[in-house]
Amino acid sequence: MDARTHAAADEVDRAWHDTKLAQVLYHDWEADTYDQKWSISFDARCVEYARDRFVAVAGRSGWPYDPVLEVGAGTGFFSLNLRQAGIVDGVHVTDISSGMVEAAKRNASMLGFDIEGRVADAEGLPYADATFDLVVGHAVIHHLPDVERAFREMLRVLRPGGRLVICGEPTRYGDYVARRLSRATWWAATHATRLPYLRDRWARPQAELDESSRAAALEAVVDLHTFDPAVLARTVERAGAAEVRTVTEELTAAWFGWPVRTLEYAVNSERLGWRWAMFAYHGWRRLSALDRVLARVVPAGLFYNVSVTAVRPA
């Protein structure tokens, strides 16, 4: 069911003042188009991305982890691609949005996987203590009101010695730069495509622009945190974890990637095509490789993404 048609007006009004209701409505609303919006796929490109993010912070030992829980799984991007990479098996997914859980289950079925899915709040997971070998998440904890409480829950459902891996969270500086680059790109693209010689071929219909603007406004409600890597590590330690480690990634790649993605939503997508998609992907990959070199000299807090891993003490 499309959440845009079943979310009552009074629910939407309350969502502006109720963070968790906003999370449910926003992610239900986005569930059917989320993969397209964020260029999510379950092919070699995203399998490689998920594997590399996991390896960068948690290494290559212990594979395959089984069973595994993805918290705030969305459409299953992280766990299903890790499953294809051979890193995990026995996948369980949770999300506060029923629409996202159903989308993850559909994606798993498309890939020929059986997964368990539950609608659940990350701050109160519906599993017994010491259930999983691994708990993962991708771009999830910045949505959670009480981050430390959520980490306590993740550690609780881990077996002693089990590993926690959370990737793709925005840093304070990285998010600051990315949002301003996106706003500038949106303004420039939407104004340029109003010009007479561009309007007919490049302009996106106004209704679609309005829909994107509504989504951007709601993101301001559901995106609650940015992180300093050292502060995030201390939060995980306070939750009771051991062997805590953080890694940051994407500097120039983020400066390139966020305007590219914003442009894709600001103009007629039919005009960009496959060559543009390959330009965007390979450009991001080359700059990511550059960023791995820059990481030797650039302070960690300047990069866009932070990932964290830890273990439940034995």
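The values are calculated or read from the model by the stated rules, or taken from the named source; none is laboratory data. In this text, all values refer to a predicted model and were calculated from it rather than measured experimentally. Every residue, glycine among them, receives a Cβ derived from its backbone with ideal geometry; neighbour counts consider all protein chains shown. Remember, those area values only see protein heavy atoms, side chains included, never the ligands or the DNA or RNA. Shrake-Rupley method; radii C 1.70, N 1.55, O 1.52, S 1.80 Å.
Tabulated data
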read-out: Filter pass, VAL236 being outside any strand (DSSP E or B), closer than 30 Å to ASP133 by Cβ and without any contact (Cβ under 8 Å) to a residue 24 or more places away in the chain; value: no
read-out: Index of the failed condition, ASP210 passing every other in (1) touching a helix residue (DSSP H, G or I) at 6+ places or on another chain (Cβ under 9 Å); (2) open to solvent by 30 Å² or more (accessible area, probe 1.4 Å); (3) not hydrophobic (A, V, I, L, M, F, W, C); value: (1)
read-out: Counted residues, region 79-93 - those being open to solvent by 30 Å² or more (accessible area, probe 1.4 Å), within 12 Å of PHE132 (Cα to Cα) and not in a loop (DSSP other than H, G, I, E, B); value: 1
read-out: Selection status of ALA178, open to solvent by less than 10 Å² (accessible area, probe 1.4 Å), within 18 Å of the chain's Cα centre (by Cα) and among the small types (Gly, Ala, Ser); value: yes
read-out: Region 1-18, subset open to solvent by 50 Å² or more (accessible area, probe 1.4 Å) and either at pLDDT 80 or above or not charged (D, E, K, R) (or both), residue nearest to ASN107 (Cα to Cα); value: MET1
read-out: Filter result for the condition that a residue is without any contact (Cβ under 8 Å) to a residue 40 or more places away in the chain, under 25 Å from LEU232 (Cα atoms) and not acidic (Asp, Glu), over VAL293, VAL306; value: VAL293
read-out: Test for ALA310: is it touching a strand residue (DSSP E or B) at 6+ places or on another chain (Cβ under 8 Å), open to solvent by 60 Å² or more (accessible area, probe 1.4 Å) and either modelled with pLDDT of 95 or more or among the hydrophobic types (A, V, I, L, M, F, W, C) (or both); value: no
read-out: Residue within region 112-121 that is open to solvent by less than 50 Å² (accessible area, probe 1.4 Å), of a type outside the set (Gly, Ala, Ser) and closer than 22 Å to PRO145 by Cβ present; value: yes
read-out: Restricting region 241-279 to residues that are open to solvent by 60 Å² or more (accessible area, probe 1.4 Å), without any contact (Cβ under 8 Å) to a residue 60 or more places away in the chain and of a type outside the set (A, V, I, L, M, F, W, C), the residue that is farthest from TRP187 (Cα to Cα); value: ARG275
read-out: Answer residue from region 275-314, given it is in a loop (DSSP other than H, G, I, E, B) and not hydrophobic (A, V, I, L, M, F, W, C) and is farthest from the chain's Cα centre (by Cα) among those; value: PRO313
read-out: Per-region count, region 164-185, residues hydrophobic (A, V, I, L, M, F, W, C) and either in a strand (DSSP E or B) or under 30 Å from ALA314 (Cα atoms) (or both); value: 4
read-out: Count of residues meeting criterion [in contact with a helix residue (DSSP H, G or I) (Cβ under 6 Å, 6 or more places away or on another chain), open to solvent by less than 30 Å² (accessible area, probe 1.4 Å) and closer than 27 Å to ASP291 by Cβ] in region 223-240; value: 3
